[in-house]
């Protein structure tokens, strides 16, 4: 059974506060868990596979997303994954909550009736992952750090000040959501859905030899246009995404199994062990055998 972070644990860890900013650095995996509060996560650096509501997506630098109360999620095979966790109780939003629920993106994420029908998937799990442009990343980080400063110093009126800064951050999230959805609506082709198709195809076929022509065929777009659209949304090329996805899967097998490295290479879509070792080392900084040898005890 997945671990649950309760309101009681929140109160104990954060001394009765209704909001907190937690810096976290993950390598390896974090087991599935859920919590009784909202979690807004901004990725400072690194990458990981992230499972939420049964969907697995790659997260990397500049991604910004929500996890709602009761949702089960986990980080799978994180590498150098540094994040800001902005965690807060619903009641800190107080009388502003109804107005926040009218804003794009937040209407769904802050809803009190968000659970999908049994047997269906959550249609907005992908949409809720925003990709902050390089030029704006420092602004988002600074906004989180201002909340963190209030929470750490706890000067007179700190929770009111932290709340006002949280409201500004939520509005920033909503505006970015609207911009990204607006790009989708204003394009002749719904390229966000094309990106989703690519992510799903990689998830289903990463063990196979995937080339750009395959992704072009999946989306119905030309190779060049598909690649440009993918990079604009994901901040990396399709080839880089495939490499990172495969490496993350290889990290999982190195951690959880005793399979020979040659077999792991084959099972994660690499044509030969030398290519696998080279790509793995370039991505993680260690050859696969060294990575396995240096895993923490119990990993």
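The values are calculated or read from the model by the stated rules, or taken from the named source; none is laboratory data. Owing to the predicted nature of the structure, the values given are computational and were not obtained by experimental measurement. Cβ atoms come from the backbone with ideal geometry, glycine included; neighbour counts cover every protein chain shown.
Run down 200, 180 and say which single residue is assigned by TED's automatic domain parsing to the domain that holds residue 130, modelled with pLDDT under 85 and in a helix (DSSP H, G or I).
Checking each option against the conditions leaves just 180.
Could you please let me know if residue 111 is in the same structural domain as residue 181 (by TED's automatic domain parsing), over 26 Å from residue 249 (Cα atoms) and under 22 Å from the mean Cα position of the chain (by Cα)?
Judged against the criteria, residue 111 is a match.
Yes or no, residue by residue, for (1) buried (at least 22 other Cβ atoms within 10 Å of the Cβ); (2) more than 25 Å from residue 200 (Cα to Cα):
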position	(1), (2)
19	yes, yes
29	no, no
33	no, no
36	no, yes
44	no, no
66	yes, no
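The conditions are (1) surrounded by fewer than 20 Cβ atoms within 10 Å (Cβ to Cβ); (2) in a helix (DSSP H, G or I), and residue 10 fails exactly one of them. Which is it?
(1)
Is it true that residue 85 is part of a strand (DSSP E or B) and at pLDDT below 90?
Considered against the rule, which asks whether it is part of a strand (DSSP E or B) and at pLDDT below 90, residue 85 comes out as no.
Please verify whether residue 40 is farther than 28 Å from residue 136 by Cα and either under 15 Å from the mean Cα position of the chain (by Cα) or surrounded by fewer than 20 Cβ atoms within 10 Å (Cβ to Cβ) (or both), treating the condition exactly as stated.
No, not satisfied.
Test residue 24 against the criterion of being surrounded by 15 or more Cβ atoms within 10 Å (Cβ to Cβ) and in the same structural domain as residue 147 (by TED's automatic domain parsing), and give yes or no.
It is false that residue 24 is surrounded by 15 or more Cβ atoms within 10 Å (Cβ to Cβ) and in the same structural domain as residue 147 (by TED's automatic domain parsing).
Condition check ((1) out of contact with any strand residue (DSSP E or B) (no Cβ under 9 Å at 6 or more places or on another chain); (2) assigned by TED's automatic domain parsing to the domain that holds residue 46; (3) surrounded by 14 or more Cβ atoms within 10 Å (Cβ to Cβ); (4) over 23 Å from residue 46 (Cβ atoms)) across all residues:
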{"site": "225", "(1), (2), (3), (4)": "yes, no, yes, yes"}
{"site": "238", "(1), (2), (3), (4)": "yes, no, yes, no"}
{"site": "243", "(1), (2), (3), (4)": "yes, no, yes, no"}
{"site": "250", "(1), (2), (3), (4)": "no, no, yes, no"}
{"site": "255", "(1), (2), (3), (4)": "no, no, yes, no"}
{"site": "263", "(1), (2), (3), (4)": "yes, no, no, yes"}
{"site": "266", "(1), (2), (3), (4)": "yes, no, yes, yes"}
{"site": "270", "(1), (2), (3), (4)": "yes, no, yes, no"}
{"site": "277", "(1), (2), (3), (4)": "yes, no, yes, no"}
